[in-house]
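The values are calculated or read from the model by the stated rules, or taken from the named source; none is laboratory data. Keep in mind that what you see is a predicted model, and the values were worked out from it rather than measured. For neighbour counting, all protein chains shown are included, and Cβ atoms are generated from backbone atoms with ideal geometry for every residue, glycine included. SASA here: full protein model, heavy atoms, side chains in, ligands and nucleic acids out. Shrake-Rupley method; radii C 1.70, N 1.55, O 1.52, S 1.80 Å.
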Amino acid sequence: MRKKFAWVLAPAIALLLLGCFDIEQGVQLNKDFSGTTTLNFIIDMEPMALVMASMEKAFSGDETPLTAQEVEAARAKFLAQQESGEGEDLALDRDQAEAQLPDGVRLVSFEPVQDGLRFGARMKLEFDHYSKLQQIDFGGDDGDDADEAPAMGPPKPDALERPFAGLVFTDEGDTMLVTSPAENPLDKLQEENPLAGQETGELADMMAKTFESLRFVTSLTLPFEILEHNATRVDGSTLWWEYDLASFETATPEQLAEGVRVRFKK
């Protein structure tokens, strides 16, 4: 039985899930519209471990803040659960990732990440045409666990399972328009969890600290003449769109709907 390529977390920490992600996705396009993409997914589990420890302490009747010793014990306990296999499966498997790639996409490199309570992966893919990017789906079922009960847990950002689902290439004849909306993960969090944003006390402090690390980055490297773009910065032929908590909160709905936008000559 094979597990899906996904992170599955306890429902009790759903309110913290999205704030812990650091996601980078980059596309380097060739003139024939083939190219490479780099995907870096990192999830910091420390805030979740601390919230779980705080909840356990509160349930016991002790509502005092966690002490330094209790914080360290929570970190050690969570890490020990991962190493023993008792906790949720956070490790990413190269074979599973490779098996779910569509035709025309090849896994070039895969580096799992585990640094304390930070888990994830860095990978590089080659694709034979930009249209294959939208077909990349790491949340699919390979059929081996068809009889297995669905995993219980909070929703994950679409960027973890379908990193380029919203990236659209529109052929305009002599030009090409590339667009992708920027989705504020806090909006989705509040849709899935009506109580999100109503936390108080220590949990509210942990929520604020967790969301400070929120980071989504998209980059496009293009060997064409750029006619227009709304990138947050440009480095040579590479355009960058960078979002953190502050930029998501200050962006207008129109700016988020536009997200990535670049037009270039073919």
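Got at least one residue in the stretch 166-179 being of a type outside the set (S, T, N, Q), within 17 Å of the chain's Cα centre (by Cα) and either at pLDDT below 70 or open to solvent by less than 50 Å² (accessible area, probe 1.4 Å) (or both)? Talk me through it step by step, then tell me what you get.
Filtering the stretch 166-179 down to residues of a type outside the set (S, T, N, Q) leaves 166-169, 171-174, 176-178.
Going one step further and asking which of them are within 17 Å of the chain's Cα centre (by Cα), we end up with 166-167.
From the residues that got through so far, the ones that are either at pLDDT below 70 or open to solvent by less than 50 Å² (accessible area, probe 1.4 Å) (or both) too are 166-167.
Yes: one or more hits.
So, in the stretch 38-54, exactly how many residues are over 24 Å from the mean Cα position of the chain (by Cα) and either open to solvent by 60 Å² or more (accessible area, probe 1.4 Å) or at positive phi (or both)? Walk me through it before giving the result.
Quick first cut of the stretch 38-54, residues over 24 Å from the mean Cα position of the chain (by Cα) only: 53-54.
Subsequent filtering for residues that are either open to solvent by 60 Å² or more (accessible area, probe 1.4 Å) or at positive phi (or both) retains none.
The qualifying residues number 0.
Tell me yes or no: at least one residue of the stretch 240-260 is closer than 28 Å to GLY173 by Cβ, in contact with a Phe, Trp or Tyr (Cβ under 8 Å, 6 or more places away or on another chain) and not polar (S, T, N, Q). Reasoning before the result, please.
Here is the first cut: in the stretch 240-260, the ones closer than 28 Å to GLY173 by Cβ are 240-241, 254-255, 257-260.
Retained after the next criterion (residues that are in contact with a Phe, Trp or Tyr (Cβ under 8 Å, 6 or more places away or on another chain)): 259-260.
Of the ones still in play, those that are also not polar (S, T, N, Q) are 259-260.
Yes: one or more hits.
Can we say GLU126 is at pLDDT 85 or above, under 15 Å from LEU101 (Cβ atoms) and either buried (at least 20 other Cβ atoms within 10 Å of the Cβ) or not polar (S, T, N, Q) (or both)? So that I can check it myself, show each step before the final result.
Details: at pLDDT 85 or above: yes; under 15 Å from LEU101 (Cβ atoms): yes; either buried (at least 20 other Cβ atoms within 10 Å of the Cβ) or not polar (S, T, N, Q) (or both): yes.
Taking the combined requirement at face value, the residue satisfies it.
Considering only residues that are of a type in the set (D, E, K, R) and in contact with a Leu (Cβ under 7 Å, 6 or more places away or on another chain), which ones fall in the stretch 249-266? If you could, list the steps in order and put the result at the bottom.
Going through the stretch 249-266, the residues of a type in the set (D, E, K, R) turn out to be 249, 254, 258, 261, 263, 265-266.
Correct list: ARG263, LYS265.
Against the conditions (1) under 30 Å from VAL108 (Cβ atoms); (2) modelled with pLDDT under 80; (3) not in a helix (DSSP H, G or I), where does PHE33 fall short? Just the number, please.
All conditions pass for PHE33, except number (2).
Can you tell me how many residues in the stretch 129-151 are open to solvent by 50 Å² or more (accessible area, probe 1.4 Å) and modelled with pLDDT under 75?
So the count comes out to 9.
Please count how many residues of the stretch 97-118 are β-branched (Val, Ile, Thr), closer than 24 Å to ARG75 by Cβ and open to solvent by 50 Å² or more (accessible area, probe 1.4 Å).
Start the filter on the stretch 97-118 by keeping residues that are β-branched (Val, Ile, Thr), which leaves 105, 108, 113.
Then drop every residue that is not closer than 24 Å to ARG75 by Cβ, which leaves 113.
When the remaining residues are screened for being open to solvent by 50 Å² or more (accessible area, probe 1.4 Å), the result is none.
Residues meeting the conditions: 0.
Residues of the stretch 224-247 being in a helix (DSSP H, G or I) and either touching a Leu at 6+ places or on another chain (Cβ under 8 Å) or touching a residue at least 60 places away in the same chain (Cβ under 8 Å) (or both), which ones?
Filtering the stretch 224-247 down to residues in a helix (DSSP H, G or I) leaves 245-247.
LEU245 - this is the single residue of the stretch 224-247 that is in a helix (DSSP H, G or I) and either touching a Leu at 6+ places or on another chain (Cβ under 8 Å) or touching a residue at least 60 places away in the same chain (Cβ under 8 Å) (or both).
Determine if the stretch 47-61 includes at least one residue that is in contact (Cβ under 8 Å) with a residue 40 or more places away in the chain and charged (D, E, K, R).
no
The rows are residues; the columns are (1) touching a strand residue (DSSP E or B) at 6+ places or on another chain (Cβ under 7 Å); (2) closer than 20 Å to GLU63 by Cβ; (3) open to solvent by less than 50 Å² (accessible area, probe 1.4 Å); (4) at pLDDT below 95.
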residue: ASN193; (1), (2), (3), (4): no, no, yes, yes
residue: GLN198; (1), (2), (3), (4): no, yes, no, yes
residue: LYS209; (1), (2), (3), (4): no, yes, no, yes
residue: PHE216; (1), (2), (3), (4): yes, no, yes, yes
residue: LEU222; (1), (2), (3), (4): yes, no, yes, no
residue: HIS229; (1), (2), (3), (4): yes, no, no, no
residue: THR238; (1), (2), (3), (4): yes, no, yes, no
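Has the stretch 45-66 got at least one residue that is outside any loop (DSSP other than H, G, I, E, B), in contact with a strand residue (DSSP E or B) (Cβ under 9 Å, 6 or more places away or on another chain), at pLDDT 70 or above and within 30 Å of ASP103 (Cβ to Cβ)? Don't jump to the end; show me each part of the working.
Going residue by residue through the stretch 45-66, those that are outside any loop (DSSP other than H, G, I, E, B) are 46-59.
Among the residues that remain, those that are also in contact with a strand residue (DSSP E or B) (Cβ under 9 Å, 6 or more places away or on another chain) are: 46.
Among the residues that remain, those that are also at pLDDT 70 or above are: 46.
The next check asks that each one be within 30 Å of ASP103 (Cβ to Cβ); those that pass are none.
No, the conditions are met nowhere in the stretch 45-66.
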